[in-house]
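Heads up: the structure comes next, in structure tokens.
We did not get these values from a lab; they are worked out from the coordinates using the rules stated. All figures in this text were calculated on a predicted structure; none of them were measured in a lab. Note: ideal-geometry Cβ built from the backbone for every residue, glycine included; neighbour counts use all protein chains shown.
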Amino acid sequence: MANPDQNQRTWLILAHCFNMDGRAASQTITDKLPSLMAADIRPVVLSAPTGDRDGRFPHYQVISPVPSGILFELRHIIKKRFQSRGVEKGLKAVLTIACLPFLILEKLLLQLDSQWSWFISATLKGSALVKQFEPELIYSTAGPPSTHAAGYLLHRLTGKPWLAEVHDPLIQDVETPRWHNYYFKKWLEKKIWEHAAAVIYFTQQARQSAQDRNGERERAFVLRPGALVPDLSAVRYARQATMHIGHFGSLAAERNLGCLIKALHALLAENPAWKDFLKLDIFGGDLDAVSLDVLRHYPLEGLVACHGRLEYDPATEKSGRQQVLEAMCQTDVLLLVHGLDAAAGEYIPSKLYEYLLVGRPILGLVASGSELEGILRSSGHYCVDQTDQSAVKQAVAAAIHDWLANSLRSPQDPSAYTVESTVGKLIEIADGIC
């Protein structure tokens, strides 16, 4: 590691999730670092040990000190370090049994997420790092709320300016309070609003909702995270005999493919010949329980292919992320599902920014009136209200007809949502508080 220039600016960056291949919370910060360093800012990173240590700058890792955090983080470490599935499962089983009595006691006392205690270790280590490196600001980017809890405490202990970047809404206005987790996050949002020198949100609605709960304040910004411009020089899209509709990323009960499966089932009943050239590819995991249940009632024989999570390939030396980007580039239509939960209007799936930079047509199943809908429509992509089954069917049919006519919609202009652009605005915000 090169010796730092005495005049070089230093930021202490708190990120529980860091250098984890394919993880959205990790990519949001790790993608920024080359541009920050190019702007002569030295990052000093403090993260959990779940990701790889980065040797380009000072990078420290601390584990959460309570049973839920130890179990969560060590399971990730075991999965990362042991290639044998049998060894991995055996070690995880031993770890779970060892932690179980203490985990039960913890959950009886506190109902918080698995990473909640990371702020204890991060505050202790962060205090030493502030003394050692004398950063001009503390930048918490998350991910787990504990990251911002550490940012708040370090700000109070050291007096350093605190920049908080909130990835997803901490709380929702329609949320039913549930034990300690809700009240902890409500308290933390208030502390962010009152003490952070600047707060960054990813959507206008998330910022507005926080303002409605906590009152007016200056320096509350909306900054889209963007994505790195991918290197796809070795791969090009070429139309094949099969039309591939691809979903990339995790699925869940509130973000499922039920409406798409029903639409495809109805269209295939009307157009049986389409079975010969349609394929629905699922990357990043398995189908969620809701999608599986819908698929049982509306079967798509042989059309659904689950590719799982793509990991580092030693044969090609390609990361899982690079493999995913190449698969995106070769997909006819990229599927983006917004989700049905109450907070859908306050977040945008991070996969959108990679989709836009890959340049393939996107079929967005979105919340009507959301910022995501506005971005997709202004970019010329297929977009439809995910709760309107008839409209979903029409949108899917339109994409298929366009593919058959070799006239799929494609974006005319390159995406403006790049990491380089985001970092430039981030530095402007930091300049305003340092």
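Treating only the Cβ atoms of Lys and Arg (+1) and Asp and Glu (-1) as charged, compute the dipole magnitude of segment 243-404 about its Cα centre; round to the nearest 20 debye.
So the dipole magnitude of segment 243-404 works out to roughly 180 debye.
Between Arg236 and Glu301, with labels modelled 7 Å along Cα→Cβ, what's the label distance in nm to one decimal, could you check?
3.9
Mind listing the Cα extents of segment 49-118 along all three principal axes, in Å, largest one first?
Principal extents (Cα only, largest first): 42, 31, 14 Å.
Mean residue ellipticity at 222 nm from the helices of the chain, using -39,500 (n - 2.57) per DSSP H segment of n ≥ 4 over the full residue count, to the nearest 500 deg cm²/dmol?
Here the helix-only value at 222 nm equals -14000 deg cm²/dmol.
Could you pull out the trypsin sites (Lys or Arg not before Pro) across segment 219-281 that fall in loop regions by DSSP (anything but H, G, I, E, B) with no more than 12 other Cβ atoms inside 10 Å?
For trypsin sites (Lys or Arg not before Pro) across segment 219-281 that sit outside H, G, I, E and B with at most 12 neighbouring Cβ atoms in 10 Å, the list reads Arg236, Arg239.
What ratio of Cα Rg to 2.2 N^0.38 Å holds for segment 243-404?
1.00
As a test of understanding, state the convex hull volume per residue of the chain from its alpha carbons, in Å³.
163
How far is helix 204-214 tilted, in degrees, relative to the longest principal axis of the Cα atoms in the chain, given as a value from 0 to 90 rounded to the nearest 10?
40
Suppose every K and R has +1 on its Cβ and every D and E has -1 on its Cβ; what is the size of the dipole of the chain about the Cα centre, in Debye to the nearest 20?
The calculated dipole for the chain is roughly 940 debye.
Which of the trypsin sites (Lys or Arg not before Pro) across segment 55-91 are loop residues per DSSP, with 13 or fewer other Cβ within 10 Å?
Arg56
Which percentage, to the nearest 5, of the DSSP beta bridges contained in segment 243-404 is antiparallel?
Restricted to segment 243-404, the bridges split so that about 10 percent are antiparallel.
Could you pull out the chymotrypsin sites (Phe, Trp or Tyr not before Pro) across segment 239-280 that fall in loop regions by DSSP (anything but H, G, I, E, B) with no more than 15 other Cβ atoms inside 10 Å?
Listed in order of number, the matching sites are Phe277.
On a 0 to 90° scale, report how tilted helix 258-270 is relative to the longest principal axis of the chain, with both axes built from alpha carbons and the result rounded to the nearest 10.
Tilt relative to the chain: about 10 degrees.
Nearest 10 degrees, 0 to 90: what angle lies between the long axis of helix 67-81 and the longest principal axis of the chain (Cα atoms)?
60
Among the listed pairs Lys275/Lys351; Lys125/Lys185; Lys89/Lys186, which have their C-alpha atoms separated by more than 25 angstrom in this model?
Over 25 Å Cα-Cα: Lys275/Lys351; Lys89/Lys186.
Net charge around Gly151, counting only other residues with Cβ within less than 12 Å of its Cβ (Lys, Arg = +1; Asp, Glu = -1)?
My count for the surroundings of Gly151 gives +2.
Between Gln394 and Lys425, what length comes free when the chain is fully extended (0.36 nm per residue of separation minus the Cα-Cα distance, one decimal in nm)?
Net length gain for the segment: 7.2 nm.
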